[in-house]
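Below is one structure, written out as structure tokens; the observations come after it.
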Amino acid sequence: MRITLPTNSFLLLLLTAPLFGLSAELPTVSEERLSDYRAEYENRNPPMKYLLIHADGSEADTVSSTRSLYLLDLSADPTNNLIASPEIDELIESEFFVEIQSDSLLSQGKTDYLVLSMSRPAEYNPRYFRCAAGHGEDRAYLFSISDGKAKVVSKFFGGCATSYELMRDGNDRGYRVIERGERVRSVRYMLRGDTLVREPDYQEKGSPR
């Protein structure tokens, strides 16, 4: 059986065919700008390994960024040091202000773990229940970064009455996430070998502080 496509459909196929199977190229950061960033941030306490930047290489202004953002790995080779994240782009499109918590960095093997916090005025989300008058909508996500890719591990590292803390106790390293309410609840994300494992937190729990 012979199938005949309308002329317009054939033209549409010709126009869209090259788009399939192609991925958008990441921008690049000039050697000069990369050197400036390294000189400014790598000697801080704690040192900063990642920055949020725009496609033109400029550092993101966390209080007014409305353009796509990329994670810049200051320690990586200049040909492979930018990381795109659909989750971060989605937050920017939803008018969140995004910021890296540099003191949250944990590294294990070839994988880094990093917390990004974000906030926006509460009136931007009519369904958001305010914690208190005048407070905005706050969140914090835990990301894993490996092989040039960033992936969300948990979206519940911060928010209304929820916070996290970095844990370094001997060989134990990870995060404790605490939710305060009528009863304090907590959970841990601990590095076990090359894996970050979510597990119960056996610390003593009391009334809200």
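Residue by residue, here is whether (1) farther than 30 Å from H135 by Cβ; (2) under 18 Å from the mean Cα position of the chain (by Cα) holds:
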| site | (1), (2) |
| --- | --- |
| A39 | yes, no |
| D61 | no, yes |
| L69 | no, yes |
| L72 | yes, yes |
| L106 | no, yes |
Given the residues E87, E95, which is the only one that is in contact (Cβ under 8 Å) with a residue 60 or more places away in the chain and outside any strand (DSSP E or B)?
E87
State whether one or more residues within the range 139-152 are among the hydrophobic types (A, V, I, L, M, F, W, C), touching a Ser or Thr at 6+ places or on another chain (Cβ under 8 Å) and over 20 Å from Y50 (Cβ atoms).
no
Evaluate the range 175-194: report whether one residue or more is within 30 Å of H54 (Cα to Cα) and either in contact (Cβ under 8 Å) with a residue 12 or more places away in the chain or not in a strand (DSSP E or B) (or both).
yes
For the range 89-127, name all the residues that are within 28 Å of P47 (Cα to Cα) and small (G, A, S).
S102, S104, S107, G109, S117, S119
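Values quoted throughout were computed directly from the atomic coordinates according to the rules given, and no laboratory measurement underlies them. As the structure is a prediction and not an experimental result, all values here were calculated from the model. Quick reminder, even Gly has a Cβ in these numbers, built from the backbone with ideal geometry, and neighbours come from all protein chains shown.
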